Structure formats: structure tokens, C-alpha cells
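Structure first, then comments.
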Amino acid sequence: MLEKKKGLTMNLQNIIEKIPKAELHLHIEGTFEPELMFEIARRNNIVTRFKSVEELRKAYDFHNLQSFLDIYYEGANVLIYEKDFYDLTFAYLLKCREDNVVHTEIFFDPQTHTHRGISFKVMFNGIFAALKDAEKEWGITSQMIMCFLRHLSEEDAMKTLKEALPYKNNILAVGLDSSEVGHPPSKFERVFKEAIKEGFLTVAHAGEEGPPEYVWEALDLLKVKRIDHGVRCIEDEKLMRRIISEKIPLTVCPLSNIKLCVFKKMEDHNLQKLLQQGVIVTINSDDPAYFGGYANQNYIKTVEALNLNVGDVVQIAKNSFQASFMSDELKKSWMKKCDHFLGTSKENSK
Ligand code: ADE
Ligand code: ZN
């Protein structure tokens, strides 16, 4: 149970904790808590450059995306066996259960592992088995989205796509992540075209640190169904009109944006402005082990700093289902469940 936070009524905090939600922007490698990392390193006889959990946590002081990515890739180096990937994924799903995340569409980065000699099969089987177990045990549904690392070549991404083909029935979409600036979506136009031909849906990180032009490219060249982050869309009026009229959701990650200095402080975040203008905004945790909180903590910190009300929380939770890749029937049913929370609020504001 989360502590009551200053500025949030118990009622609003309770609604955030209880309302069902989908998480659509989550890197499974970014859920690697230091305690589990040390445990897996120990059982795999790997010596890390950090001596303790505390020392590792102290290093989580980022000034931009790249300073985070360097540590994030280093952390993933201790994942060797199927069980390691299983344990990593299952630990995240336990957090979903705590936070009432009932559906998740997780990113995984095959190249982070295949480049270290870990097979696609080992990585995939470990993650997939945990997802299936959580569905069986708790009814949490999920999908897998395979991301290409944009700092690597288009050729490498194409090779990864080919490696994924035997698993394609269980990978719903492809995405694009890692260092954004200098690696525009256009670099991967051919790979995404091929992925679409093979039946994958597409998403991409764009407009996190990169300019609105990258969002245009993701829409026009990669044919994405959602934009991951996309907070810089607001700098381009024509782009805003497009994402609103075409109902292109943004998977926004507030704590990530603060930790990576996209905004100086939460009070400066543009999520409320996006919401008020009619963008389908969702709240997600991105890399929660590194950024200080899972789904509910992201909701709480955002609601508190931007003074959002019950109506906003219900809208954001509904958006998470609307923006998901679930069937229309399931979307409707979860959105209806969210609407019940409007009725449970004694006050329709804070
Ligand atoms: N990989 C993991 N987290 C990321 C982020 N926020 N942006 C780009 N690539 C990522
Ligand atoms: Zn991300």
C-alpha cells in the first residue's frame, strides 16, 4: 500500500490504486531492480563494477537519455539463462498485480542480448513463459513488442527481424528505441516496411528528446499506431492537429521525463496540456527500476504535481485501454469498469 502523499486526498489516491489500467510503454530490461541484478550476477558468477546495491543506486543520476542508456545496457549483461529472463519478467508482473495493471504490452530489446551471444530463443522463452504464468495465475494479459536499437545499423535491425520470424505469432509489434537524436525513424523505413509485410504492428519512440520531425517520420514512414513519449509534439501545431484527428495515442512516461531531464520538474510537464487539447494520453513507467516508480507512482506524482482530478485519472486509465492492442470488445469492457470510478468519487474534483 502506498503512503498517502501530500496534496492528494485519500479518495483520489485510492482511485489511482484501484482503477484497472494498461501499461503500454515498459522496457522489460528497465524493470531490473538492483537487488535482483545482484542476485542473478551472483548465481551466474559475474562480477559487476558496482560493489553493492547502494552503490549501484547512487549511479542512477542521469542528465539525459544517453547517460541512462549506458547504465541500462550494462545492467542487462548479467542476464544469461532462460530463468534469468523469467525472473526479471515475473518480478515486473508482481508489480503489475500490486498496481492493478491488468494488461501490459512490454518492450524487449533482442539486440542487447544477441550481441552478447545470448540466443533469441533463450531470451524470448524466458520472458514469454513468465507472461503466460501471470495470465494463468492472475489473469494479467500481455503482448510483446520487439524493439530495434536505433543506434545500431538498419542492416542489424533487418537481421534481428529475420531472427524473430519463427516467434512472430507471439510478437505483436515492432518498435524503435535507444538513442534518439541523430537516429531518425527514416533510418529504419525498409525494416518497418518488411515487418508490416510480415504482419507486425508498429510503434516507435519519437519526440522524447528528438524534434517533432521525427514524429512525422514515424507516422508517415513507419506507419506507427502509437507514439512512445511524443511530448515534443506540442511544439508543432500541425502535428498536434494530426495526432488528435487521427487518434494517435502518446505513451507518456512522466517520471522518466523528469529523471532524464526532458522537463526540469513534474510541475513543468505538459501532460495536462496534451490531455486538455484532446490527445489520447496514457501514463506509463518506461524503466521503473531506474526512474523511481512503477505505474501507480507515475500516476500519483503526475496527479499531485499537475493538480489533476478524478475525471482526469479515469480518462487516462480509459485511454490506456483505448490505446492498447486489445480487441474492441475487451477495450469496451475495461473502459466501462474505469467509468465506475467516477461514481465512487464523493467529490468530482481533488
Ligand atoms: N530504452 C529504454 N528506455 C528508453 C527510453 N526512455 N528512450 C529510448 N530508449 C529507451
Ligand atoms: Zn521507452
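The values are calculated or read from the model by the stated rules, or taken from the named source; none is laboratory data. Owing to the predicted nature of the structure, the values given are computational and were not obtained by experimental measurement. Note: ideal-geometry Cβ built from the backbone for every residue, glycine included; neighbour counts use all protein chains shown.
Structure notes:
- Helices (runs of 4 or more DSSP H) fully within segment 226-316 counting 1 or more residues that are away from ligand 2 (no atom under 16 Å from the Cβ), surrounded by 17 or more Cβ atoms within 10 Å (Cβ to Cβ) and without any contact (Cβ under 8 Å) to a residue 60 or more places away in the chain: 237-245, 271-276, 295-306
- Residue match in segment 332-339 (condition: more than 14 Å from ligand 1 (Cβ to nearest atom), of a type in the set (Phe, Trp, Tyr) and more than 19 Å from the chain's Cα centre (by Cα)): yes
- Residue identified as more than 20 Å from Cys253 (Cβ to Cβ), among the aliphatic types (A, V, I, L, M), surrounded by 15 or more Cβ atoms within 10 Å (Cβ to Cβ) and out of contact with any Asp or Glu (no Cβ under 7 Å at 6 or more places or on another chain) among Leu79, Leu88: Leu79
- Within segment 190-215, residues that are under 17 Å from Glu235 (Cα atoms) sit with their Cβ atoms under 8 Å from residues that are among the hydrophobic types (A, V, I, L, M, F, W, C) and more than 16 Å from ligand 1 (Cβ to nearest atom), at 6+ positions apart or across chains, in these pairs: Pro212/Leu239; Val215/Leu239; Val215/Ile243.
- Residue that is nearest to ligand 1 (Cβ to nearest atom), among those in segment 104-119 that are in a strand (DSSP E or B) and among the β-branched types (Val, Ile, Thr): Ile106
- Residue check for Phe263: over 15 Å from the mean Cα position of the chain (by Cα) and within 16 Å of ligand 1 (Cβ to nearest atom): yes
- Residues of segment 189-221 satisfying the condition of being part of a loop (DSSP other than H, G, I, E, B), under 25 Å from Ile171 (Cα atoms) and either away from ligand 1 (no atom under 15 Å from the Cβ) or of a type in the set (Asp, Glu) (or both): Glu198, Gly199, Phe200, Glu208, Leu221
- The selection criterion, being aliphatic (A, V, I, L, M), more than 16 Å from ligand 1 (Cβ to nearest atom), buried (at least 20 other Cβ atoms within 10 Å of the Cβ) and at pLDDT 95 or above, does not hold for Leu176.
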